[in-house]
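In what follows, a structure is listed as structure tokens, so that the remarks can point back to it.
The values are calculated or read from the model by the stated rules, or taken from the named source; none is laboratory data. In this text the structure is predicted, and so the values were computed from the model without any measurement. Cβ sites come from the backbone with ideal geometry, for glycine too, and all protein chains shown count toward neighbours.
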Amino acid sequence: MSIFMGFAQSVNRKRSEEIKDFGGEEMVKLWRCEICGDPYIGSAPPQNCPFCGAHLPYIKEAKQMVVSFDVTLSDKDRANAEHALQV
């Protein structure tokens with residue numbers, strides 16, 4: 001598990017209730033890109049992911065994200081990934 005994943009999970013546990021307005025100002029939220037997983041902190045999601053450029057529909061509030069890294073790789077993909085790790 002990456003450091004960010006652990007951080008995001010702890011934030012999600014602590015913020016299980018809806019974020020409420022305090023003094024007329026909305027609290028910031030943790031947003032994540034569904035494409036690359038890049039985090040973004042702000043009161044509203046960015047129009048595009050700052051890292052990969054994915055459009056707004058792919059930016060979700062982190063507590064609503066369902067992340068799965070269970071991916072089946074073809075033999076060629078596995079060989080490419082292993083080669084990339086050796087570089």
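Conditions tested, residue by residue: (1) at pLDDT 85 or above; (2) touching a strand residue (DSSP E or B) at 6+ places or on another chain (Cβ under 6 Å); (3) not hydrophobic (A, V, I, L, M, F, W, C).
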| residue | (1), (2), (3) |
| --- | --- |
| Gln9 | no, no, yes |
| Lys14 | no, no, yes |
| Gly37 | yes, no, yes |
| Ser43 | yes, yes, yes |
field: Matching residues, the range 24-76, being aromatic (Phe, Trp, Tyr) and either touching a Phe, Trp or Tyr at 6+ places or on another chain (Cβ under 8 Å) or not in a helix (DSSP H, G or I) (or both)
entry: Trp31, Tyr40, Phe51, Phe69
- request: Just name the residue that is modelled with the lowest pLDDT out of those in the range 61-87 that are under 24 Å from Met27 (Cα atoms) and either among the acidic types (Asp, Glu) or in contact with a Pro (Cβ under 8 Å, 6 or more places away or on another chain) (or both).
  value: Ala62
message: Which count do you get for residues in the range 50-87 that are small (Gly, Ala, Ser) and surrounded by fewer than 10 Cβ atoms within 10 Å (Cβ to Cβ)?
response: 3
